[in-house]
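Trainee: This is the structure I have questions about; it appears just below.
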Amino acid sequence: MKFAEFRNTERDLYLFQVRIGIAGAAVMVAFALLFARFIYLQVIQHDYYHTKAEDNRISIVPITPNRGNIVDRNGVVLARNYSAYTLEIAPGKVADIEKTINELATIIDVRPSDRNRFKRLLIEAKGAETLPIRARLSDEEVARFAANRYRFPGVDIRARLFRQYPFGELASHAMGYIGRINDRDLTWIEEQDLESNYKGTDHIGKTGLEQKYERELHGTTGYEQVEVDAAGRGVRTLSRTAPTAGNNLVLTLDLTLQEVVETAFGNRRGALVAIEPSTGGVLAFVSKPGFDPNLFVDGIDPVSWDELNTSLDRPLNNRALTGVYPPGSTFKPYMALAALETGKRTPSQAIFDPGHFDFGGRRFRDDKVGGHGMVDMYKSIVVSCDTYYYTLANDLGIESISRFIGQFGFGARTGIDMEGEGIGVLPSIEWKTRRFRRPDQQKWYAGETISVGIGQGYNAYTPLQLAVAMATLANNGVMFKPHLVKYIENVNTGERRFVEPQPLKTIPMKQENIDVIKRAMAGVNTEGTGARAFAKAEYTSGGKTGTSQVIAIKAGEKYNESRTAERHRDHALFIAFAPLEAPKIALAVLVENAGFGATAAAPIARMVLDYYLLGKKPVKPAAADEAASDGG
Amino acid sequence: MFERALHRIAAPIDGTLLAIVGGVILLGLITLFSASYENPGRLSAQFANLGLAFIVMLVASQIPPQTLMRFAPPAYLVGLLLLIAVALFGDVRNGARRWLNLGVTSIQPSEIMKIAMPLMLAWYFHKREAVLRMHDYAIAALLLAVPTLLIARQPDLGTALLVAAAGCYVIFLAGLSWKVIIGLGASALASLPFLWGMLHDYQRKRILTLLDPGEDPLGAGYHIIQSTIAVGSGGFTGKGWLNGTQTHLEFIPERSTDFIFAVYSEEFGLIGNMLLLTLYLALIARGLVIAANAPTFFSRLLAGAIVLTFFTYAFVNMGMVSGILPVVGVPLPLVSYGGTALVTLSFGIGVLMSVQSNRKLVQT
């Protein structure tokens, strides 16, 4: 019995040890499995997981460069940046935006305009990571939000650089403005292959110089490699490529001169462009009314937007650049020059002006009832005799007129450093064929040439073109490309890249002919239509008044009885240069619906010349009320 | 006198086992230092845990298996009653009813079962050794099933798994016939869909996530994705101690407890993993040798079950972290931060030592 029991125990032990052996084998298999898994992860797939870990760890953060400043020729800052706190919402991280904004409004002042602007941004700036609900928080608001931050996931305060235009409306059409990048801007960025440089950039130049010089002003975006933890918080900076600030623009514009002009305009509409004839540098670039470019920076609120867009005065319309107007009598000096150059007239050759010119059964009237009597070329310009030019136009013919006049840049883009320049119309047979469809419309009628001769008819030019033509004439036929930027300054190196005066061409003309015209234009300001405006001027100057007929209200404008009559009134024009010898400034000014050029436009030109040549600032606005004068 | 007492206490200590355990604990402390850099208090707390664990191990090693056997039924009974108490009055923490508030302290009765279960079954089989029949296995299965189900219902799948495993090991080592094992295996496989239905949503999710972690990368899949990245990015030599980016940038959740292996693996690489696997293997091998040489049926079964349970801890944890097993709350033995598992494990190691030092008692 004892033996059997012993054997039993022995057998049990053996069986147990077999089981232990099996268990040990199972342990080996299991550990081999783990080991194989480790080899797979840590050797075979190591590169993949290494990359994954790095992707986890490293986040590339763009550092937006400072946008370049814009300063006038004397260093007065027109556009700059300042740092401020904004409250921003990440739409992707906030479930109920409306509710979040309502809760935010309990601790921070959120106005209805802020809400509307935010809604607009939400629609426009698709895919933006964060959008501002409030800009320019006060220190107190920053502190209040910081204390309540835990309640608002997806909402945070960010320090941002803002664009500021310290002079507001002043020179607004030259400056343009920046605004938040929208779909159209994104397309441009893609086309220009600038995506990487615009990472982290929210704003882009939309109009004016801000738009034209976007690439100069923007600068180069820097990058920071930041190690982030699982919550996305930056732990430390691994490497940093500093951003390069955008270049500064130094303008040819003289801000004080600009201010003189804009003050002189008061609340009248119009445009003025003043150019340095020997360089093409633009000294003043005015389009009235202007707008406050600061409104656009944070995204304009819909109310202001509607106001600007629906206003009858069309403040967003850059009249100097894109508005086209018949030049009226300011056309006459060029007509006279054409006559001299083509040999159709001599300076002393006179005609008798009975007060009208009859052509093809139609009577073309002169301003002056009864006429100016005997009129030679000098007198024709000084008193602005229409009949002289009716006959001259008829003698020259449309082709000859357009060929000669076209040399001064009429009806063509001047090439100024701004986008969206207007072209206008330099009438010619070719133009009319192109312009119209029906053969009877395409035909040029000789009678149409007569109106063209006094700057009416199909003639339509931008104020900028008028100024460039004036500068070219003042410069004895050497035309320079107009430009607003004098030089581009590299903020880091101090290097200046000058915009070299670019002589576009020299119009082949006899100097003696040019001198005849200049003498006549001087006569305008001493004894002619501009004499009153230029009484007791302490410098010599040449000028020409003009009145451009307003044919009809433009389509799309609202009918407004009280304003319509005023808007039917003629536009007043004046072109001028000074001093007579070696002119330093040439300009064209247009005052909409102001009537006769001599009373509404010439005084503004006088103030420009007084300031620019003598440093004299006007003591009072040129004309107190907007309908200063009637007559034609 | 004092020296003799010390000698008596040290006598049952198994040098080999202690050395291996010491090695693993050292690796654990080094890793915990890195894993809990943001919470240095954990390291000192772990030292306290280790002190307690060492005492528990010493005490356990002093208890002869015969004495232990006497405690088996009461321990099991107390454990079972406490589990029932938990089911009725337990505190809910993190969505699971696992803790019993005793006023002074809270305890997790399921932890007691990790030891009480193999004790009880070993005791039962030892008692029935001479007349072991099929129905004995059935009774053992019942003794196993009741606490396991109670724990699984808390729900605490990790602990249920370990308790069930401990019980199963005893039954397996007791000599359950292969026919039955294969039969049970087949029927278990057949009942998988049924078991699936019994799982909680979060448990099912964990299993599904294992199959495709990418499906829910920020939710349930996050743990697995991040820990696999940590392991894989560690490469052959690892990123170096304290240099694990996944660890130090907090991409690894639970990095000082259940997922500490990801930290270790990221910083010490495949070489480190080989070292740890070797240490665990040595510990298990030593334990199996002790079990194989144990004098009584009870001590054999108990030692074998304890060793294999230890193996289960290690395998399930490393398998989970490296993404081949679903996420269940099983710590890495002797490495993960936390006192409970450490005390349980060191009690088991103490028992192993006691079995080893008492192997000749029966013969004399």
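The values are calculated or read from the model by the stated rules, or taken from the named source; none is laboratory data. Predicted, not measured: the structure shown is a model, and the values here were computed from it. As a convention, Cβ positions derive from the backbone with ideal geometry for all residues, glycine included, and neighbour counts pool all protein chains shown.
Trainee: In the stretch A:510-522, what count of residues is obtained for those that are crowded, with 19+ Cβ neighbours inside 10 Å and farther than 12 Å from residue A:333 by Cα?
Mentor: Of the residues in that region, 0 qualify.
Trainee: Continuing with this model, one more query. When the residues of the stretch A:49-68 are filtered to those that are of a type outside the set (Lys, Arg) and over 45 Å from the mean Cα position of the chain (by Cα), which remaining residue is farthest from the other protein chains (Cβ to nearest Cβ)?
Mentor: So, considering only residues that are of a type outside the set (Lys, Arg) and over 45 Å from the mean Cα position of the chain (by Cα), the one farthest from the other protein chains (Cβ to nearest Cβ) is A:51.
Trainee: All but one of (1) in a helix (DSSP H, G or I); (2) among the aliphatic types (A, V, I, L, M); (3) within 12 Å of chain A (Cβ to nearest Cβ); (4) more than 22 Å from residue B:233 (Cβ to Cβ) hold for residue B:294, so report the exception by its number.
Mentor: For residue B:294, the failing item is (1).
Trainee: Condition check: aliphatic (A, V, I, L, M), more than 10 Å from chain A (Cβ to nearest Cβ) and touching a helix residue (DSSP H, G or I) at 6+ places or on another chain (Cβ under 9 Å). Does residue B:301 satisfy that?
Mentor: For residue B:301, the condition - aliphatic (A, V, I, L, M), more than 10 Å from chain A (Cβ to nearest Cβ) and touching a helix residue (DSSP H, G or I) at 6+ places or on another chain (Cβ under 9 Å) - is not met.
Trainee: Hey, can you tell me all the residues within the stretch A:367-378 that are surrounded by 16 or more Cβ atoms within 10 Å (Cβ to Cβ) and touching a residue at least 24 places away in the same chain (Cβ under 8 Å)?
Mentor: Scanning the stretch A:367-378 gives A:367, A:375, A:376, A:377, A:378.
Trainee: Need a quick list: helices (runs of 4 or more DSSP H) entirely within the stretch B:1-114 having at least 2 residues that are within 30 Å of residue B:150 (Cβ to Cβ).
Mentor: Hits in the stretch B:1-114: B:41-62, B:65-89.
Trainee: With the stretch B:164-277 as the region, which helices (runs of 4 or more DSSP H) entirely inside it contain at least 2 residues that are at the interface with chain A (Cβ under 9 Å from one of its Cβ atoms)?
Mentor: Those helices (runs of 4 or more DSSP H) span B:221-234, B:245-248.
Trainee: Of everything in the stretch A:295-309, what is in a helix (DSSP H, G or I) and modelled with pLDDT under 80? Give them in sequence order.
Mentor: Keep residues of the stretch A:295-309 that are in a helix (DSSP H, G or I), which gives A:295-297, A:302-309.
Selection gives A:302 alone.
Trainee: Here's something else I'd like to know. Being more than 21 Å from residue A:124 (Cα to Cα) and at pLDDT 90 or above is the filter here; which residues of the stretch A:169-198 pass it?
Mentor: A:169, A:170, A:171, A:172, A:173, A:174, A:175
Trainee: Return the total of residues in the stretch B:83-97 being surrounded by 12 or more Cβ atoms within 10 Å (Cβ to Cβ) and either out of contact with any Ser or Thr (no Cβ under 9 Å at 6 or more places or on another chain) or at pLDDT below 75 (or both).
Mentor: The total comes to 6.
Trainee: Moving on. Right, residue B:36: in the same structural domain as residue B:159 (by TED's automatic domain parsing), touching a residue at least 24 places away in the same chain (Cβ under 8 Å), among the small types (Gly, Ala, Ser) and touching a Ser or Thr at 6+ places or on another chain (Cβ under 6 Å) or not?
Mentor: Against the criterion (in the same structural domain as residue B:159 (by TED's automatic domain parsing), touching a residue at least 24 places away in the same chain (Cβ under 8 Å), among the small types (Gly, Ala, Ser) and touching a Ser or Thr at 6+ places or on another chain (Cβ under 6 Å)), residue B:36 does not qualify.
Trainee: Also, quick follow-up: Among the residues of the stretch B:109-122, is any of a type outside the set (Val, Ile, Thr) and exposed (fewer than 13 other Cβ atoms within 10 Å of the Cβ)?
Mentor: Looking through the stretch B:109-122, none of the residues is of a type outside the set (Val, Ile, Thr) and exposed (fewer than 13 other Cβ atoms within 10 Å of the Cβ).
Trainee: Can you tell me which of (1) closer than 15 Å to residue A:453 by Cα; (2) in contact with a Pro (Cβ under 7 Å, 6 or more places away or on another chain); (3) not in a helix (DSSP H, G or I) is the one residue A:384 doesn't meet?
Mentor: (2)
Trainee: Can you pull out the residues in the stretch A:194-218 that are buried (at least 23 other Cβ atoms within 10 Å of the Cβ), more than 12 Å from the chain's Cα centre (by Cα) and part of a helix (DSSP H, G or I)?
Mentor: Hits for the stretch A:194-218 are A:217, A:218.
Trainee: Is it the case that residue A:85 is modelled with pLDDT under 90 and more than 14 Å from chain B (Cβ to nearest Cβ)?
Mentor: Judged against the criteria, residue A:85 is a match.
Trainee: If residue B:339 passes every condition in (1) surrounded by 24 or more Cβ atoms within 10 Å (Cβ to Cβ); (2) under 21 Å from residue B:36 (Cα atoms); (3) of a type in the set (Gly, Ala, Ser); (4) away from chain A (no Cβ under 12 Å) but one, which one does it miss?
Mentor: (1)
Trainee: In the stretch A:95-116, how many are farther than 18 Å from residue A:146 by Cα and either without any contact (Cβ under 8 Å) to a residue 12 or more places away in the chain or in contact with a helix residue (DSSP H, G or I) (Cβ under 7 Å, 6 or more places away or on another chain) (or both)?
Mentor: 10
Trainee: What tally of residues in the stretch B:145-158 results from selecting those that are surrounded by fewer than 24 Cβ atoms within 10 Å (Cβ to Cβ) and part of a helix (DSSP H, G or I)?
Mentor: Total meeting the criteria: 7.
Trainee: State whether the residues of the stretch A:248-259 include one that is of a type outside the set (Asp, Glu), within 20 Å of residue A:63 (Cα to Cα), more than 14 Å from every other protein chain (Cβ to nearest Cβ) and touching an Asp or Glu at 6+ places or on another chain (Cβ under 8 Å).
Mentor: Within the stretch A:248-259, the first condition is being of a type outside the set (Asp, Glu), and the residues that meet it are A:248-253, A:255-258.
Next, only the ones that are within 20 Å of residue A:63 (Cα to Cα) stay: A:248.
Then drop every residue that is not more than 14 Å from every other protein chain (Cβ to nearest Cβ), which leaves A:248.
Those still in the list that are touching an Asp or Glu at 6+ places or on another chain (Cβ under 8 Å) too: A:248.
Within the stretch A:248-259, one or more residues are of a type outside the set (Asp, Glu), within 20 Å of residue A:63 (Cα to Cα), more than 14 Å from every other protein chain (Cβ to nearest Cβ) and touching an Asp or Glu at 6+ places or on another chain (Cβ under 8 Å).
Trainee: If residue A:82 satisfies all but one of (1) free of Cβ contacts under 8 Å to residues at least 12 places away in the same chain; (2) under 31 Å from the mean Cα position of the chain (by Cα), what's the number of the condition it fails?
Mentor: (1)
Trainee: Please work out which residue is nearest to residue B:47 (Cα to Cα), limiting yourself to the stretch B:314-331 and to residues that are away from chain A (no Cβ under 12 Å) and under 11 Å from the mean Cα position of the chain (by Cα).
Mentor: Top of the filtered list is B:331.
Trainee: Turning to a different aspect of this structure: Quick one: which of A:155, A:61, A:94, A:77 is touching a Pro at 6+ places or on another chain (Cβ under 8 Å), closer than 30 Å to residue B:247 by Cα and of a type in the set (Val, Ile, Thr)? Write out each step before concluding.
Mentor: Numbers: A:155 fails: touching a Pro at 6+ places or on another chain (Cβ under 8 Å); A:61 fails: touching a Pro at 6+ places or on another chain (Cβ under 8 Å); A:77 fails: closer than 30 Å to residue B:247 by Cα.
Among A:155, A:61, A:94, A:77, only A:94 is touching a Pro at 6+ places or on another chain (Cβ under 8 Å), closer than 30 Å to residue B:247 by Cα and of a type in the set (Val, Ile, Thr).
Trainee: Moving on to the next point. Picking from A:32, A:53, which residue would you name as being out of contact with any Ser or Thr (no Cβ under 9 Å at 6 or more places or on another chain) and either buried (at least 16 other Cβ atoms within 10 Å of the Cβ) or modelled with pLDDT of 90 or more (or both)?
Mentor: Result: A:32 is the single residue among A:32, A:53 that is out of contact with any Ser or Thr (no Cβ under 9 Å at 6 or more places or on another chain) and either buried (at least 16 other Cβ atoms within 10 Å of the Cβ) or modelled with pLDDT of 90 or more (or both).
Trainee: Among all residue pairs at least 6 apart or on different chains, which show Cβ distances below 9 Å where the first residue, located in the stretch A:188-211, is over 22 Å from residue A:131 (Cβ atoms) and touching a residue at least 24 places away in the same chain (Cβ under 8 Å) and the second is among the small types (Gly, Ala, Ser) and part of a helix (DSSP H, G or I)?
Mentor: Listed pairs, sorted by first residue: A:208/A:172; A:208/A:174; A:209/A:174.
Trainee: Separate question: When the stretch A:463-488 is examined, which residues are found to be farther than 24 Å from residue A:407 by Cβ, buried (at least 20 other Cβ atoms within 10 Å of the Cβ) and of a type outside the set (A, V, I, L, M, F, W, C)?
Mentor: The answer is A:486, and nothing else.
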